Amino acid sequence: MKHRERVLAALNNETPDRCPMQVSFTPEFAQRLRQDMNLASDKLHNPHGGGNTYELERALGEDLLLTSVGWANSYYQDVADYLDEWGIGWHSVEYTTPYGVGRYTEFSHHPLAEDDAINTYQPPDPNRPELYQEAEWVLRTFKDEYWIVGVTVTTMFECAWALRGYERMLTDLALKPELAEQLLDIPYQYHLTAAKKLTQMGVDMIWIGDDVGAQNTMLISPKMWRKFLKPRMANFIAELKSINPQLKVAYHSDGNIYPIIPDLIEIGLDILNPIQPASMDPTQLKRDFGDHLCFWGSIDEQHTLPFGTPADVKAEVLTRLETLGKNGGLILGPTHHVQLDTPIQNFWAMINTITDTPYSGS
Amino acid sequence: MEAIVNEIYTNVVEGHNKVVITKVQAALDAGVAAPVILNEGLIPAMTEVGRLFEEGEYFVPEMLIAARAMQSGLAILKPHLIESDIKSIGKVVIGTVKGDLHDIGKNLVAMMLEGAGFEVIDLGTDVTPEKFVDATRDKSAHIVALSALLTTTMQSMTATIQALQNAGLREQVKVMIGGAPITQEYANMIGADGFATDASRAVATAKALVLQ
């Protein structure tokens, strides 16, 4: 079965030969993995600081290949402090794990921190042809075999809070709603332009994303989400599907966003990612929404992968196949980039269990 | 309760920063004692904010604006509270641990603790074990509160507890921890004294720890 056929079957709620898989890693974990697999270095392509390369993804047997346009590509541009093309400042901070030292890039400057800065702000141009060269190459080279995903995550809320500052953006939603609308429109317009272009180029799926869930509850109220984010998301999805009605749209939000899932289904969402099992019960999600929504992710990156045993990881994958993945509707993978603190045996337990376990009855 | 104190309470709960500033000053000018404004206005207001959060009526934005209104009122009261020799119910040294720059959870906990009558010494983010040790010693803290968002950085919590132990401070200070991947099980494993899932519940944890 071709990778893309496997994904399409799963998204049609049919059972392919095995569950499709998409896995990303931090650059430091990817380096360990390349050594473990004896692979040469290749160009990184994943957003949000991911360490994925097409070589690594294909060697692992992943079924989806991603190509990203947008602000999320601003992560991990340099070890030294830097300003990205949006004027957002970044600072690198080191952490230590049993497997070595890694680093994350975090915000250090917000160009729209002052209220009136928005009046003169010029966002980058999403129409530059060079932004789409990688997507063009990926589609030309891999679309026959793989399911190609155009990535425009940090679609509005996350990019807006990077421009404005996190707490400032959150309080703007309550205290300065008109300014909040203006702030959200900047990344919304940029990423909509990019997503439309990627859709026209022929990607199979667009992946949008904005974290609105905290670990146990939503970060903002469902009412606030419905006021500020839902209308924009609804229009975003509608515009893409008017270009290609067969296009699938996936949405990422960390944490617990249970209260707004019916709204997401209403506005045409096809796939929800990443399904953190410590935040939302996968079995309940399948029962409540499995007829209308597919799922992507669900292998616990907060507990099982870093701190469990290979047997724990295997058991979790098998449980997901019997629950969230019952009768298809699931793309398996970790709930975030696999982090440097993950034992390599746990990683292989995840990959091997996914690739070696046929769907029953297939 | 004085009517103006009641108004301060309502405006803190609703997050009206400027109104709180005006009303606290007006209350002081009218001769209402600073401890009364604190204990019958600001602190009960933040208790109510915590309750609304736990009930799922308030979320982070509402909590943030209420906490800021409380802090504005408290800033005006502070010189008067010192004059009245009012003591906090405990001193808390708080920070996000080494390697981690995420601070909204830590900031919310700090604000809620302050709103409950604790003195809070906020060390910020990416705080080394040595800085926690120094602040605990210098401020004679009762509680050290550690925050982490990431599995890769939560391991700095163990190093911080060890550093407190090595400095001979572990017996005199309680350690509480929190953050997205943190569980009670993890707290038990690394020898922390308390754990809370969110900023509101962190207040109850801290109060229980100072009463021990």
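No value in this document is a laboratory result; all are computed from the given coordinates. Keep in mind that what you see is a predicted model, and the values were worked out from it rather than measured. Here the Cβ is made from the backbone with ideal geometry for all residues, glycine too, and neighbour counts use every protein chain on show.
From other protein chains only, count the Cβ atoms within 10 Å of every residue's Cβ in B:151-158, then give the mean.
For peptide B:151-158, the averaged partner shielding equals 6.
Just rank A:Met37, B:Met63, B:Met112, fewest to most, by other beta-carbon atoms within 10 angstrom.
Ranked by crowding around the Cβ, least crowded first: A:Met37, B:Met63, B:Met112.
At a temperature of 4 °C and a viscosity of 1.567 mPa s, determine how fast region A:212-362 diffuses translationally according to Stokes-Einstein, using the Kirkwood radius over alpha-carbon pairs as Rh; express D in µm²/s, rounded to the nearest whole number.
For the chosen part, D equals 80 µm²/s.
Taking every eigenvalue of the Cα gyration tensor of region A:1-98, multiplying by 5 and rooting it, what semi-axes result, largest first, whole Å?
30, 18, 11
Ratio of Rg to Rh for chain B, alpha carbon only, Kirkwood?
Taking Rh as the inverse mean 1/r over Cα pairs, Rg/Rh reads 1.00.
Per residue, how big is the convex hull of region B:155-204 when only Cα atoms are used? Give it in Å³.
Dividing the Cα hull volume of region B:155-204 by its residues yields 73 Å³.
Please give the helix A:27-37 orientation as an angle from the longest Cα principal axis of chain A, in degrees from 0 to 90, rounded to the nearest 10.
20
I'd like the orientation of helix B:129-139 relative to chain B: the angle between its Cα long axis and the longest Cα principal axis, in ° from 0 to 90, rounded to 10.
Between the helix axis and the principal axis of chain B, the angle is about 40 degrees.
Could you state the orientation-averaged shadow area of the convex hull built on the Cα atoms of region A:64-105, in nm² to one decimal?
The Cα convex hull of region A:64-105, projected and averaged over all directions, gives 4.2 nm².
From the alpha carbon gyration tensor of region A:40-146, can you work out the equivalent ellipsoid semi-axes (sqrt of 5 times each eigenvalue) and give them in Å, largest to smallest?
29, 22, 9
Mean residue ellipticity at 222 nm from the helices of chain B, using -39,500 (n - 2.57) per DSSP H segment of n ≥ 4 over the full residue count, to the nearest 500 deg cm²/dmol?
That calculation yields -18000 deg cm²/dmol at 222 nm.
How fast does region A:127-211 diffuse by Stokes-Einstein, in µm²/s, taking the Kirkwood radius from C-alpha pairs at 10 °C and 1.306 mPa s?
The estimated diffusion coefficient comes to 113 µm²/s.
What is the ratio of the Cα radius of gyration of the protein assembly as shown to 2.2 N^0.38 Å, where N is its residue count, to two decimals?
On the way: Rg = 24.7 Å, N = 574, 2.2 N^0.38 = 24.6 Å.
Output field value: 1.00.
If you stretched the chain out fully between A:Asn127 and A:Arg287, how much longer would it get, using 0.36 nm times the residue separation minus the C-alpha to C-alpha distance?
Residue separation times 0.36 nm, minus the Cα-Cα distance, leaves 53.4 nm.
Arrange the following residues from fewest to most other Cβ atoms within 10 Å of their Cβ: B:Leu28, B:Leu146.
Numbers: B:Leu28 16, B:Leu146 28.
Ascending Cβ contact count within 10 Å gives the list B:Leu28, B:Leu146.
Calculate the FRET efficiency for A:Asp36 and A:Asn13 from the Cβ-Cβ distance with a Förster distance of 25 Å, rounded to the nearest 0.05.
0.10
Over region A:92-176, what per residue volume does the convex hull of the Cα atoms give, in whole Å³?
So the per-residue Cα hull volume is 184 Å³.
List, in the order given, every pair from B:Lys18/B:Lys106; B:Lys131/B:Lys207; B:Lys91/B:Lys131; A:Lys196/A:Lys248 whose Cα-Cα distance in the structure shown is over 20 Å.
Too far apart for the 20 Å limit: B:Lys18/B:Lys106; B:Lys131/B:Lys207.
Quick one: P(r) of region B:1-124 from all Cα-Cα pairs, 10 Å bins, percents rounded to integers, in order of increasing distance.
14, 45, 32, 8, 1
Take every Cα-Cα distance within region A:208-288, group them into 5 Å bins from 0 onward, and report for each bin the whole-number percent of pairs it holds.
Result returned by the calculation: 3, 14, 27, 26, 17, 9, 3, 0.
Averaged over every viewing direction, what's the projected area of the C-alpha convex hull for region B:109-189? Give it in nm², one decimal, please.
5.3
Can you compute the FRET efficiency between B:Glu119 and A:Glu85 using 1/(1 + (r/R0)^6), with r the Cβ-Cβ distance and R0 = 56 Å? Round to the nearest 0.05. Walk me through the numbers on the way to the answer.
Numbers: r = 43 Å, r/R0 = 0.78.
Efficiency computed from Cβ-Cβ geometry: 0.80.
Please list the three semi-axes, largest first and in whole Å, of the ellipsoid equivalent to region A:70-222, using sqrt of 5 times the eigenvalues of its alpha carbon gyration tensor.
27, 22, 17
What's the ranking of A:320-329, A:113-122 by average number of surrounding C-beta atoms within 10 Å, highest first? List each step's numbers first, then the result.
Details: A:320-329: 20.4, A:113-122: 11.1.
In decreasing order of mean packing, A:320-329, A:113-122 become A:320-329, A:113-122.
Which order results if A:Phe142, B:Phe53 are arranged by neighbouring Cβ count within 10 Å, fewest first?
A:Phe142, B:Phe53
Calculate, for A:Tyr99 and B:Gln162, the FRET efficiency according to 1/(1 + (r/R0)^6) with r their C-beta to C-beta distance and R0 22 Å; round to the nearest 0.05.
That pair, A:Tyr99 with B:Gln162, gives E of 0.65.
Could you work out, residue by residue across B:196-208, how many beta carbons of other chains sit within 10 Å of that residue's beta carbon, and then give the average as an integer? Numbers along the way, then the final one.
Working: counts 0, 4, 4, 0, 0, 0, 0, 0, 0, 0, 0, 0, 0.
Counting Cβ atoms of other protein chains within 10 Å of each residue's Cβ and averaging gives 1.
Just counting partner chain Cβ atoms within 10 Å, what average do the residues of peptide B:100-113 show around their Cβ?
Rounded to a whole number, the mean comes out at 2.
Tell me, in nm to one decimal, what length is gained between A:Gln246 and A:Ile265 on full extension, where the rule is 0.36 nm per residue of separation less the Cα-Cα distance?
Values: separation 19, 0.36 × 19 = 6.84 nm, distance 1.61 nm.
Full-extension gain reported as 5.2 nm.
Sticking with the crude label model, points 7 Å out along Cα→Cβ, report the distance from A:Asp211 to B:Ala26 in nm, one decimal please.
Using points 7 Å along Cα→Cβ, the separation is 4.1 nm.
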